[in-house]
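Here the structure comes first, spelled out in structure tokens, and everything after it is commentary.
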Amino acid sequence: MAVDPRQIVAGVLTVTMFVMLGNMITRDHFYPVDSDISIHSTSKQSLGNGPWMKGGESLKPCWTKPVPQEADQSEGFVTFSLTNGPEYHVSQDDSRRHSTAGLSTILSPTQIADAVIVARYLRATLVIPDIRGSKPGDKRNFEDIYDVEHIVRSLDGVVKVATTQPAEVSARNLAVVKVPNRVSEDYIAENIEPVFTSKGNIRLATYFPSVNMKKMKEKSNVDSIACMSMFGTLELQPEVNEVVESMVERLRTLSAKSKGQFIAVDLRVDILEKKSCQGDGSLKSKSCYGPEEIGMFLRKIGFNKDTTLYLTQSRWDSSLDALKDLFPKTYTKESIMPIDKKAKFLDSESSELEKVVDFYMCSESDVFVPAISGLFYANVAGKRIASGKTQILVPTDIPGSSAALTDYISHYVSKKNHFAYSCFC
């Protein structure tokens, strides 16, 4: 019996159709359409849409804890206050905020480091600091933000610590001494020890001639103390830590299309206005960038509109609308902080808690972009380097319509010239 050629063609087409349908069903079952996974995905794509990079492993401390001093302990006390935000507390320093009135005074790792170095050299007792802002009466106890037991335990054997200022030590018998950031033993011997010997008790006032976070060429005992003090003494107290963790988790939930990853941008409208940083949308070589410039920069290097951004700005401002047009998933603290914590963390007259939250949010994000240069950027970079989160992208003027992502990696990372690289291996 003769076979109609049209029947053969129809049969082939039918079989082909079923094979294709079977492949589609299999693909959709194992690789959902809304997922970012593809059969031929690369390691970069598996991290989500955009130029995300895998984070490195946390580095290990290279410093050794100083041995207890054999000489007799003096009867004097060294007191100080943490000021100007957490970026200062590490070092008790931050040039970014020198001209910014009304900002918080979060403990900076460098402030702690300078105080520990001075107290150890003088063999004095270090009094746990209070935390002060730039406004009159803007004051908090150390334990309101940080874990007191942890700092006492970490400094055991390094310097004697008093959790409260003794009654006999008052402002009247305290000599105020200026201390430069990254203080040296020579400076202490020449400028601080004579005052301490004469007065018996001193109060340190740290100042920051410049942002000095450069890597050490040669390590010394003082540098080991600085490393240990900057990176081993400060931990958030439980309530503050819980707020930070809940906000990080909230952002990761909102970032499903980028595998839970998000970008933190240090961008505060009040600072940008004072620095005249509200630009015209074109990247230039300067120290700060406006919302639209940041948005264009992130789109230029490959992040798409589904990318989630966290801004250090506390509440929404109309000047941020241009950024939100480019990245609809842009959030401030007000929109992602737990409702029951807003009164304490956002609505109080002081801003220390807000600054602490920003510092740790920028340290925990998958990518950090500093729209403003200065100490906040430098100290966040140090904390990120220690934890292996080295995707720190800095806007800059690169010729051409496009540029490789590596062209924007912070020099602290690309050149490994940050102080943190002296402290971690």
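The values are calculated or read from the model by the stated rules, or taken from the named source; none is laboratory data. Because the structure is a prediction, the values reported are computed rather than measured. Don't worry about glycine lacking a Cβ; one is built from the backbone with ideal geometry, like all the others, and counts go over all protein chains shown. For accessibility, only protein heavy atoms count, side chains too; no ligands or nucleic acids. Shrake-Rupley method; radii C 1.70, N 1.55, O 1.52, S 1.80 Å.
Looking at region 289-370, what helices (runs of 4 or more DSSP H) fall wholly within it and have at least 2 residues that are within 20 Å of the chain's Cα centre (by Cα)?
The helices (runs of 4 or more DSSP H) meeting that bar are 291-300, 333-336, 352-364.
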Close pairs from region 42-62: first more than 26 Å from Tyr421 (Cα to Cα), partner among the acidic types (Asp, Glu) and at pLDDT below 80, Cβ under 9 Å, at least 6 apart: Gln45/Asp36; Ser46/Asp36; Leu47/Asp36; Gly48/Asp36; Asn49/Asp36
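Inside region 255-277, can you point out the residues that are within 17 Å of Trp316 (Cβ to Cβ) and either of a type in the set (Gly, Ala, Ser) or open to solvent by less than 10 Å² (accessible area, probe 1.4 Å) (or both)?
Ala264, Val265, Asp266, Leu267, Val269, Ile271, Leu272
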Count of residues meeting criterion [among the charged types (D, E, K, R) and in a loop (DSSP other than H, G, I, E, B)] in region 110-157: 5
Residue count for region 158-169, restricted to those that are surrounded by 15 or more Cβ atoms within 10 Å (Cβ to Cβ), part of a loop (DSSP other than H, G, I, E, B) and β-branched (Val, Ile, Thr): 3
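So, in region 43-89, of the ones that are part of a strand (DSSP E or B) and among the aliphatic types (A, V, I, L, M), which residue ends up modelled with the highest pLDDT?
Val78
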Residue that is nearest to the chain's Cα centre (by Cα) [pool: residues in region 237-277 that are among the small types (Gly, Ala, Ser) and assigned to a helix (DSSP H, G or I)]: Ser246
In region 170-205, residue most open to solvent (accessible area, probe 1.4 Å) [restricted to those that are of a type in the set (D, E, K, R) and farther than 22 Å from Ile225 by Cβ]: Arg172
Every residue from region 335-370 that is free of Cβ contacts under 8 Å to residues at least 40 places away in the same chain and within 17 Å of Gln391 (Cβ to Cβ): Ser363
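Going by what's in this entry, would Leu234 be described as open to solvent by less than 70 Å² (accessible area, probe 1.4 Å) and either assigned to a helix (DSSP H, G or I) or of a type in the set (Ser, Thr, Tyr) (or both)?
Criteria not met by Leu234.
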Filtered residue count, region 313-367, keeping only those that are over 27 Å from Asp138 (Cβ atoms) and open to solvent by 20 Å² or more (accessible area, probe 1.4 Å): 9
Where Met247 falls short, out of the listed (1) touching a Leu at 6+ places or on another chain (Cβ under 7 Å); (2) open to solvent by less than 40 Å² (accessible area, probe 1.4 Å); (3) modelled with pLDDT of 90 or more: (1)
Any hit, region 157-180, residues being acidic (Asp, Glu) and within 20 Å of Val222 (Cα to Cα): no
Any hit, region 382-402, residues being in a helix (DSSP H, G or I) and in contact with an Asp or Glu (Cβ under 8 Å, 6 or more places away or on another chain): no
Residue under evaluation Glu168, criteria (1) without any contact (Cβ under 8 Å) to a residue 12 or more places away in the chain; (2) touching a strand residue (DSSP E or B) at 6+ places or on another chain (Cβ under 8 Å), criterion not met: (2)
